[in-house]
């Protein structure tokens, strides 16, 4: 999808900017809004954001490259985040991640997010998702799953059409 | 027997309790806001007047409320540091960047009772002459951000927020600001930089104390979600009454996040110090004990950064005897009251009140490797000792857990960990990444040495096998590897 700003997105961004006395402060929220629409943050998106916030593109680019949630390349249709940190690891997060990777033909030992060849799934091992009492936990897009079993993984994958 | 005491989570889990404003109002919601808006100045015996704002701030001080985010700093004192004479606007930020591994308490409040937080924030804004406030919520809680945005919208519609709130002349606005997956944004000055739209590199203190030079170089208060909710309850019951909850210097309640190897992990609100670690782990109304047939190995008592406690460890705690004389009492780690001061006396901390329980099935080296990988990933990279040190520690632990360890790795790890904290870094992340390594090594060094040694011996054996001509192909395979 090429980067084209709809009037709807522009209105949303203007509203976000109005929340702050200094325009630059809106950058993270604006980038969230863009990523929600396009799935990732392209170079034209960085430049447009910079212009909108009266910044240099580098000021936006340094944000995009810092925060793990902001993506610099297109993602799969379904973004899966499996929590990796201690409580979830004690609850079987590594086995869960392995199961996902095996099922989707990905390499569990590879670092960083991985997308399946058909572009359907992006799987990522992430740090603590703050629900340690119901380990292991994961997210598909914005949806949160707790106490995830391997059977649940199969069910979730089947639901992703 | 220790019991739960529900103050902040009083309604959250009640059947039929929903996060919308009508439900909150039915349960007495925004009553305390109305109360503070109607407050009058109080005449003091010396002829001076105490404004409503000063009265609330005084009450928060009297309550003894300590920050629920991790450091446990007095909330009243924090508020008293705010520069009120600068002529600049004062900002308030709610730190909802809950990301300390093991912690999941703020999530409950945000998801189930968001208006309690909003009311606590508006009262705190009123008490500190704040007209613009933000909730900085971690990026991985999109649902929470939506719930909060909806709550704020509802509050605006009822004029609990906005211009001239309920005709009082007080203006206040709150916006939700989402993070994007960086743990360092939980550090208050890193959070401020992030909110300003920059990389969240923590600021050096002095001079950048948020109370004086915070958001946009204006006086700023940064408080945790649970802390701000407590402000509402302090207003409701009075600071002196609130201080009766819990134990001296450890007042009020705390929501404890319990995870790991217990039968019933979850969140439990207790009066601070009125339950011991044993109660929390083994109590029928709490963790219900370890999995069958398992023994306790270790507890991380206050979020992943806190120093680990080894099963069976004993501490000398100061207590008063029958005559009020101070004596030292030997206390088993499980008998430590769960509060700020007892855990500090045991050389660790209650931090974000998150307990991670590990039984004897856990490989302690693997557990530390897991945490070190977290810190290496999350170091912001600003200070060399932390950026390099956290990565070296993680790499060393990686080799120790992947068959490439050395017997000397334990000492090597200790050396790195000792050279990160102690004023060598701008923020406390340096301490946070070192404390687990230092404490795991101090208490489980044999495990680390044994693992390294076993790896060395195995490699030596493989090498000697490879040295015989019959294994020529193996040599080739290994050298390729």
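The values are calculated or read from the model by the stated rules, or taken from the named source; none is laboratory data. All figures in this text were calculated on a predicted structure; none of them were measured in a lab. Glycine also receives a Cβ, built like all others from the backbone with ideal geometry; neighbour counts cover every protein chain displayed.
Numbers for the structure displayed
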item	result
Residue within the range A:36-54 that is buried (at least 19 other Cβ atoms within 10 Å of the Cβ), in a helix (DSSP H, G or I) and at the interface with another protein chain (Cβ under 9 Å from one of its Cβ atoms) present	no
Scope the range B:334-384; condition within 29 Å of residue B:223 (Cβ to Cβ), assigned to a helix (DSSP H, G or I) and away from every other protein chain (no Cβ under 12 Å); matching residues	B:340, B:341, B:342, B:343, B:344, B:345
Residue that is under 21 Å from the mean Cα position of the chain (by Cα) and away from chain A (no Cβ under 14 Å), where the choices are B:233, B:261	B:233
Contacts under 9 angstrom Cβ, first residue in the range B:385-413 being on the phi > 0 side of the Ramachandran plot and touching a residue at least 12 places away in the same chain (Cβ under 8 Å), partner in a helix (DSSP H, G or I) and surrounded by 19 or more Cβ atoms within 10 Å (Cβ to Cβ), 6 or more apart	B:403/B:455
Among the candidates B:166, B:191, residue that is under 20 Å from residue A:20 (Cα atoms) and touching a residue at least 12 places away in the same chain (Cβ under 8 Å)	B:191
Residue match in the range B:208-217 (condition: touching a strand residue (DSSP E or B) at 6+ places or on another chain (Cβ under 9 Å), at pLDDT 95 or above, outside any helix (DSSP H, G or I) and closer than 29 Å to residue A:65 by Cβ)	yes
Test result for residue B:303, within 30 Å of residue B:33 (Cα to Cα) and part of a loop (DSSP other than H, G, I, E, B)	no
Any hit, the range B:170-186, residues being free of Cβ contacts under 8 Å to residues at least 12 places away in the same chain and over 20 Å from residue A:126 (Cβ atoms)	no
Residues that are farther than 22 Å from residue B:169 by Cα and within 31 Å of the chain's Cα centre (by Cα), drawn from the range B:26-50	B:27, B:28
Selection count, the range B:287-315, where residues are buried (at least 24 other Cβ atoms within 10 Å of the Cβ) and either away from chain A (no Cβ under 14 Å) or over 19 Å from the mean Cα position of the chain (by Cα) (or both)	3
Filtered residues of the range B:60-97 (kept if within 14 Å of chain A (Cβ to nearest Cβ) and modelled with pLDDT of 95 or more)	B:88, B:89, B:90, B:91, B:93, B:95, B:96, B:97
Residues satisfying the stated conditions in the range B:156-201, i.e. part of a helix (DSSP H, G or I) and either farther than 17 Å from residue B:223 by Cβ or more than 14 Å from every other protein chain (Cβ to nearest Cβ) (or both)	B:156, B:157, B:165, B:166, B:167, B:183, B:184, B:188, B:189, B:193
So residue A:22, is it crowded, with 19+ Cβ neighbours inside 10 Å, at pLDDT 95 or above, farther than 30 Å from residue B:301 by Cβ and not assigned by TED's automatic domain parsing to the domain that holds residue A:120	no
Test: residue in the range A:2-17 that is under 18 Å from residue B:198 (Cβ atoms), out of contact with any strand residue (DSSP E or B) (no Cβ under 7 Å at 6 or more places or on another chain) and within 11 Å of chain B (Cβ to nearest Cβ)	yes
Some residue of the range B:75-83 being closer than 26 Å to residue B:432 by Cα and crowded, with 24+ Cβ neighbours inside 10 Å	yes
Looking only at the range B:107-143, and only at residues there that are assigned to a strand (DSSP E or B) and over 30 Å from residue A:141 (Cα atoms), the one that is nearest to the other protein chains (Cβ to nearest Cβ)	B:132
